[in-house]
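Single-structure report; data block below.
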């Protein structure tokens, strides 16, 4: 340092070969650099030409001070950009935004356009069940689909040797009929009745008709010896045939009698002639 002063008790001069140096005890530097009021300290170095940023160094420590602006919006990347590490000199598409004591480095976002697909021998379907074998999830670009192995089913449903195979579905109340399903196909198996000659019939007060509908509680199905009929309550007919007011009832019309007509209702017939 400079020449020792008379008042410096800790300073000494050392001369050698006509040259003198002045030595003083080393001072332990504990000062901490700090920013002024209105500034924000940060570890990010000031960018070249960055306005409002300065570096303060003391005792081997440096802080970078940037002016704080009231109501200052922090810098941010555009909607089609992503923030990342500091821009490199070779990155032409990277830009730096600084303000309010903060710096961000923005790069164009890379759009993810990949579409997940199932492999050959797999089919896409609903989400895999817990522990479901042969099912896997495939995810790409925030899209997930579920792939299952395609299982080829070649089995054909058949009835037992003691049964008759039919395409007519079993009726709910039919005894001796069962459904056999395999690989999406179904057959209906009925017990074979040897020398079955009985025929199904409706009870008294019923009449046979078209197959019962689900909304017909009064319709029932009767199957005997492989033959099925559908029975409904018979409708009683109480109407009586009558002649018009200008007519009179009489005996059966003669062949070729033009002025005579027959009126039939509920199984009864009257013959009407003009008065």
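The values are calculated or read from the model by the stated rules, or taken from the named source; none is laboratory data. Please read all numbers here as calculations on a predicted model, not as lab measurements. As a convention, Cβ positions derive from the backbone with ideal geometry for all residues, glycine included, and neighbour counts pool all protein chains shown.
Structure summary
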{"read-out": "Filtered residues of region 202-220 (kept if assigned to a strand (DSSP E or B) and either out of contact with any strand residue (DSSP E or B) (no Cβ under 7 Å at 6 or more places or on another chain) or over 15 Å from residue 171 (Cα atoms) (or both))", "value": "206, 207, 208, 209"}
{"read-out": "Yes/no for residue 263 being out of contact with any helix residue (DSSP H, G or I) (no Cβ under 9 Å at 6 or more places or on another chain) and surrounded by 10 or more Cβ atoms within 10 Å (Cβ to Cβ)", "value": "yes"}
{"read-out": "Residue match in region 110-132 (condition: over 30 Å from residue 150 (Cβ atoms), modelled with pLDDT of 90 or more, over 18 Å from the mean Cα position of the chain (by Cα) and assigned to a loop (DSSP other than H, G, I, E, B))", "value": "no"}
{"read-out": "Cβ pairs under 7 Å, 6+ apart, first in region 30-54 and over 16 Å from residue 96 (Cβ atoms), second crowded, with 16+ Cβ neighbours inside 10 Å and at pLDDT below 85", "value": "38/67; 39/66; 39/67; 40/66; 40/101"}
{"read-out": "Lone unmet requirement of (1) modelled with pLDDT under 90; (2) within 30 Å of residue 142 (Cβ to Cβ) for residue 106", "value": "(1)"}
{"read-out": "Number of the exception - residue 159 against (1) within 27 Å of the chain's Cα centre (by Cα); (2) at pLDDT 85 or above", "value": "(1)"}
{"read-out": "Residue ID - nearest to the chain's Cα centre (by Cα), chosen from residues in region 183-195 that are in a loop (DSSP other than H, G, I, E, B) and surrounded by 11 or more Cβ atoms within 10 Å (Cβ to Cβ)", "value": "183"}
{"read-out": "Filter result for the condition that a residue is over 30 Å from residue 141 (Cα atoms) and under 48 Å from the mean Cα position of the chain (by Cα), over 49, 101, 38, 84", "value": "101"}
{"read-out": "Count - residues of region 167-182 that are outside any loop (DSSP other than H, G, I, E, B) and touching a residue at least 40 places away in the same chain (Cβ under 8 Å)", "value": "1"}
{"read-out": "Yes/no for residue 137 being in a loop (DSSP other than H, G, I, E, B) and on the phi < 0 side of the Ramachandran plot", "value": "no"}
{"read-out": "Condition met for residue 74 (more than 30 Å from residue 181 (Cβ to Cβ), under 28 Å from the mean Cα position of the chain (by Cα), surrounded by fewer than 13 Cβ atoms within 10 Å (Cβ to Cβ) and at pLDDT below 90)", "value": "no"}
{"read-out": "Residue among 215, 198, 210, 167 that alone is at pLDDT below 85, exposed (fewer than 12 other Cβ atoms within 10 Å of the Cβ) and more than 40 Å from the chain's Cα centre (by Cα)", "value": "198"}
{"read-out": "Tabulated pairs, region 90-115, first within 25 Å of residue 54 (Cβ to Cβ), second loosely packed, with under 13 Cβ neighbours inside 10 Å and modelled with pLDDT under 80, C-beta under 6 angstrom, 6+ apart or interchain", "value": "100/74; 102/74"}
{"read-out": "Subset of region 58-87 (residues that are without any contact (Cβ under 8 Å) to a residue 24 or more places away in the chain and closer than 15 Å to residue 41 by Cα)", "value": "64"}
{"read-out": "Which numbered condition residue 12 fails, given (1) surrounded by 12 or more Cβ atoms within 10 Å (Cβ to Cβ); (2) closer than 30 Å to residue 95 by Cβ", "value": "(2)"}
